[in-house]
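Written out below as structure tokens is the structure these notes cover.
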Amino acid sequence: MEMELELDVLWAIAGALLLGGWVSVFWFMKRVNEWYYVGKLGELEYPLPPGDLGLPFVGNMLSFFTSLRSGDPNLFLQTLVIRYGKSSMYKTHLFGCPSIIVCRPELCRRVLTNDEHFGNGYPKSAYLLTGEKSLHSITIAEHSRLRRLIAPPINGHESLATYIPLIEEVVMNSLDEWASMKRPFELYTEMKKATFKVMTRIFMGTVNDYTFWTKQDLFGDYIDGMVSLVIDLPGFPFHKAIKARKELVKLLQSVLNEKKVMPKSNDQPKAKKDMIDLLMEVEDEDGQKLEDEHVVDLLLAFMAAGFDSSAITTLWALLHLYERPEILKKAKEEQDEIIKRRPSTQKGLNLKEIKEMDFLAKVIDEMLRMTHGLSIFREAKVDVTMHGYTIPKGWKVLVWTGAVHMDPETYENPTDFNPLRWDNINPKAGAFIPFGAGRKICPGNSLAKLVIKIFLHYFVLNYKLKQLNPDAPIRYTHGPVHTDKCLVEVKKII
Ligand code: HEM
């Protein structure tokens, strides 16, 4: 008996020593990483923000991935708040780089709008995959020129009006298809397909064959490699993504070539043009048109940026609406009113009606606030002093949108889905930035809202939705998604 007790004590001591040893090694490694990065900075006038740089090479990625697996990237930030107290900024080490997280509205805005101090900070994989002529890789002057040129085809009033019937056609067909499915289906998968169809329809019109694009899930591979380690070897996401990019560029160039031999687009009425026509026609002040390479890289960027983000916002808007009958009723009433006011000769929606969807606009803002909660990447071009802290030159700056969107000081009970909150709040600059801010603000913001509104309009008027596993765990990849990819049944209201 005594012998057994002694053995237990010995095991306990060995366990404690082992644990103590691990903790010491862990602590030592963290100190080494901190010395490596912070030691290089020399004497700083202002301190670095609170936080830590994690372990050598991996930094804090493990804890970051854990928060993504939990479905809420804000958990990563909450860990920092628990460890270091509430602060406007934290230092950390993510995606292989020492980084500063910024999480106060006015500071987020400052970072996004100050081009002198902050440049692009996306991981290297993103630059290599978006192309040399893409919006990420060019100079500020070239960026401004391109943004001026692409603004009318993407977000211009006339273009948006042109896109409405194209979007309606895809939306109505998709919803009919969903309602005719005999079995429950993955709403996330189908929604992505539908928004992808919408985007290809808008960008390339009827020249493209949708099945042709999706055959090899080229876009899936392409997007998955955007934030990945730059290892161009078989089996690695970056390698797959580079291969996908090559194929996609070839496909887009073939669409462009096909367009060029079609009858001149200025012989067609404006309503027949799609975005590729408009991009091929735009001219700058010197009469210069976009080169083919530009058009291809831009279309690739639009498609990569546009379809998944719009799908996730629409999906969550539907889930929340069908969970909250009183809010669904309000959304439906607004859509009914729009239809009632319409002259009997009018077929389909027009831009004026879209603008009248005030309540739906609030539903969408609420969803953008709740579902787009990760980070916009920048890099400090010089040492910057902000809020009493130093952001060192060359460090990444992560504008943590989730922190400002979920801040109870701006949004009371931030985790509640409450479109009515938008009746009473007008968030201060930087407190609502789902589309970013400044020079790189999302050029597709109005287009995205248009697509989502049309989807919701037809859905709430004509269909019912039932989610089969509402308690399925949620993971965060490009946004929060249930692990069962959101199994649902959709029925037509007769
Ligand atoms: C709900 C949908 C969407 C969300 C939440 C969203 C969000 C964003 C954000 C936050 C940025 C800023 C990135 C930065 O500052 O570095 C951005 C940029 C961009 N977005 Fe969107 N976006 C959406 C839909 C779209 C659509 C439909 C398009 C397609 C036309 C699009 C095209 C782009 C492009 C090309 C950029 C890069 C702009 C630049 O570098 O100048 N986005 N988007």
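The values are calculated or read from the model by the stated rules, or taken from the named source; none is laboratory data. These figures come from a predicted structure and were not determined experimentally. Because the Cβ atoms are built from the backbone with ideal geometry, glycine has one as well, and the counts that use them run over all protein chains shown. Accessible surface areas use protein heavy atoms only, side chains included; no ligands, DNA or RNA. Shrake-Rupley method; radii C 1.70, N 1.55, O 1.52, S 1.80 Å.
Counting only DSSP beta bridges whose two residues both lie in the chain, roughly 85 percent are antiparallel.
Accessible area per residue, 1.4 Å probe, Å², for the chain: what's the number?
Values: 24530 Å² over 494 residues.
Heavy-atom accessible area per residue stands at 50 Å².
Spin-label model, H387/L55: points 7 Å from Cα along the beta carbon direction are separated by 2.9 nm. In this label model, W22 and A161 are separated by 6.7 nm, measuring between points 7 Å along each Cα→Cβ vector. Computed over the alpha-carbon atoms, segment 1-40 gives an Rg to Rh ratio of 1.41, Rh here being the Kirkwood radius from the mean inverse distance.
What is the P(r) of the chain, as percent of Cα-Cα pairs per 10 Å bin from 0? Reading upward from the zero bin: 3, 17, 27, 26, 16, 7, 3, 1, 0, 0.
Treat every Asp and Glu Cβ in the chain as -1 and every Lys and Arg Cβ as +1, leave all other atoms uncharged, and give the resulting dipole magnitude about the Cα centre to the nearest 20 debye. Please report the intermediate quantities before stating the final value.
Working: 62 positive and 62 negative charges, 198 e Å.
About 960 debye.
Report note on the peptides 396-406, 217-227: ranked by the mean count of other C-beta atoms within 10 Å, highest first, their order is 396-406, 217-227.
Cross-linked pairs K197/K240; K381/K449; K329/K440; K133/K260; K273/K466; K192/K466: Cα-Cα separations exceed 30 Å for K381/K449; K329/K440; K273/K466. Extension gain for L420-N114 works out to 106.9 nm (0.36 nm per residue, less the C-alpha to C-alpha distance).
Quick one: pull the percentage of alpha-carbon pairs in segment 388-494 with a separation above 25 Å.
Details: 2495 of 5671 pairs.
Tail of the P(r) past 25 Å holds 44 percent of the pairs.
Express the carbon and sulfur contribution to the solvent-accessible surface of the chain as a percent, rounded to the nearest whole number, probe 1.4 angstrom.
Numbers: 14150 of 24530 Å².
Percent of accessible area from carbon and sulfur atoms in the chain: 58.
Its Cα gyration tensor gives segment 334-432 an equivalent ellipsoid, and the semi-axes of that ellipsoid, as √(5λ) in whole Å with the largest first, are 40, 17, 10. Taking Lys and Arg as +1 and Asp and Glu as -1, the other residues whose beta-carbon sits under 12 Å from that of G436 total +4.
Going by the alpha-carbon gyration tensor, a ≥ b ≥ c the square roots of its eigenvalues, is segment 245-387 rounded (a/c under 1.5) or, if a/c is not under 1.5, prolate (a/b greater than b/c) versus oblate? Each step should come with its number before you reach the end.
Working: a/c = 2.27, a/b = 1.24, b/c = 1.83.
Verdict is oblate for segment 245-387.
Across the chain, the relative contact order, built from alpha-carbon pairs under 8 Å that are at least six residues apart, equals 25 percent. Computed from the C-beta positions of T477 and E283, the FRET efficiency with R₀ = 45 Å rounds to 0.70. Simple point charges give the picture: +1 on the Cβ of Lys and Arg, -1 on the Cβ of Asp and Glu, and for segment 1-110 a dipole about the Cα centre of about 860 debye. Membrane-span-like helices in the chain, defined here as complete DSSP H runs extending at least 18 Å along the helix axis by their C-alpha atoms with mean Kyte-Doolittle hydropathy no lower than -0.5, are 2-39, 140-155, 157-179, 187-204, 237-261, 292-323, 358-371, 445-462; this is a sequence and geometry rule, not a statement about a membrane. Here's how it looks for V397: its modeled amide H is under 5 Å from those of I100, R378, E379, A380, which are all 5 or more places away or on a different chain. The stretch between D358 and D336, if pulled fully straight at 0.36 nm per residue, gains 6.6 nm over its current Cα-Cα span.
Computed FRET efficiency, Cβ-Cβ of S144 and K124, R0 41 Å: what is it to the nearest 0.05? Efficiency at R0 = 41 Å is approximately 0.95. Taking 7 Å steps out from each Cα toward its Cβ at S344 and D217 produces label points 5.0 nm apart. Sparse packing (at most 12 other Cβ atoms within 10 Å of the Cβ) combined with a DSSP loop state is found for the following GluC sites (Glu not before Pro) in segment 115-165: E116, E132.
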